[in-house]
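Novice: Okay, here's the structure, questions in a sec.
Derivation of every value follows stated rules applied to the coordinates shown; laboratory data play no part. Just so we're clear, the structure is a prediction, and the values are computed from it rather than from any experiment. Don't worry about glycine lacking a Cβ; one is built from the backbone with ideal geometry, like all the others, and counts go over all protein chains shown.
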Amino acid sequence: MTRSLRTPAQLRERGLIAPEQLIAVERVVARFAASITEELVELINPDDPHDPIAAQFVPHPRELDVRPEELRDPIGDEVHTPVLGVVHRYPDRVLLKPVSVCPVYCRFCFRREQVGPKRDATPSVLSEAQLADALAYIRANESIWEVILSGGDPLILAPNKLARLLAELDAIEHVRVIRVHTRVPVVDSRRIDAELLAALAVRTAVFVVLHCNHPRELTDAAARACASLVDAGIPMLAQTVLLRGVNADATTLEALFRRLVELRIKPYYLHHGDLAEGTAEFRTTIEEGQALMRALRGRVSGVCQPTYVLDIPGGHGKVPIGPSYLQEGDAGHQRVEDIDGRLHDYPPKSG
């Protein structure tokens, strides 16, 4: 695993924050955890004030600006937590959060109040008893078809601990799919080794969902890590957060989605930015996001197209919010807009 920078002093030594920002950044880090792996530091151009990697991971004083509409728990995890470590929002699937720590901390994270070291309300790692309670809940609810390992980043677990957890889930008859959400292949690629691959080798279908927001994250090392997962028979999907100053333009998204597909990773979700505290700088409008999806529609293959989604604040679930290409026409007809903006009549059902 690669070394991480976690303190403002370390970030200052590497030229990632200005001297005059040090005190304010210390206040930010006291509230929202910071960590950047050396693997990512090597990608940052400290002379570029708009560097897209730095924007995602280097803490900034603007994070102390909390807007009235922003929420501590923006997607409502807490109201859907029946037992510590489990979020049960949808009937057929649950989130299982065995850890609340990550190798890196994204500055726009929707769980930024809950993740990181020394979070009083959330243990860094579930204890044996807490994990047993979480697994007992999953065993007792036969409607649970899919378990999504999240957190924190589940691939920060030691491979032997991950293997034991996956073996427990593998033994639950009604759990037919396990999804692992992670940033590890792009931020700490050396963790994807033979021991970790062996831990993921269970009978239950396992999908790895990569969080990746910019094509520069897909380095040669990251590509090798992803290839080792796919070559081991593990399908990969990707989820991306739409971020102003990072990827909120069609050219960057096109490059990202094309590269993911070249690496045998299907772009799955493009998330509209959540209303997490101190993240206003990153959020676009929904209309801007829809315009980007329109720009991509005729520009890249359908296999490169993710679903643009919004997690409704308050815990009401995730819904697609992409643009519509249908309009009401005359005499029961509908009008369909093509990728060039031209409208075409579509007839009503006859008979």
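Novice: Out of (1) surrounded by fewer than 22 Cβ atoms within 10 Å (Cβ to Cβ); (2) part of a loop (DSSP other than H, G, I, E, B), what's the single condition that is false for L169?
Specialist: For L169, the exception is condition (2).
Novice: I'd like the full set of residues that are more than 25 Å from N213 (Cα to Cα) and of a type in the set (G, A, S), limited to region 83-137.
Specialist: Answer for region 83-137, where residues must be more than 25 Å from N213 (Cα to Cα) and of a type in the set (G, A, S): G85, A121, S124, S127, A129, A132, A134, A136.
Novice: Which of (1) more than 22 Å from the chain's Cα centre (by Cα); (2) surrounded by fewer than 20 Cβ atoms within 10 Å (Cβ to Cβ) is the odd one out, the single condition V25 does not satisfy?
Specialist: Just one mismatch for V25, condition (2).
Novice: Let me ask something else about it. Looking at region 338-350, is at least one residue out of contact with any Gly (no Cβ under 9 Å at 6 or more places or on another chain), farther than 30 Å from Y105 by Cα, not hydroxyl-bearing (S, T, Y) and not in a loop (DSSP other than H, G, I, E, B)?
Specialist: Looking for residues that are out of contact with any Gly (no Cβ under 9 Å at 6 or more places or on another chain), farther than 30 Å from Y105 by Cα, not hydroxyl-bearing (S, T, Y) and not in a loop (DSSP other than H, G, I, E, B), one finds at least one in region 338-350, hence yes.
Novice: Look through region 275-301, keep the residues that are among the acidic types (D, E) and surrounded by fewer than 18 Cβ atoms within 10 Å (Cβ to Cβ), and return whichever of them is farthest from G314 (Cα to Cα).
Specialist: Among those that are among the acidic types (D, E) and surrounded by fewer than 18 Cβ atoms within 10 Å (Cβ to Cβ), it is E288.
Novice: Could you identify the single residue in T252, T240 that is under 30 Å from A198 (Cβ atoms) and either surrounded by 18 or more Cβ atoms within 10 Å (Cβ to Cβ) or aromatic (F, W, Y) (or both)?
Specialist: It is T240.
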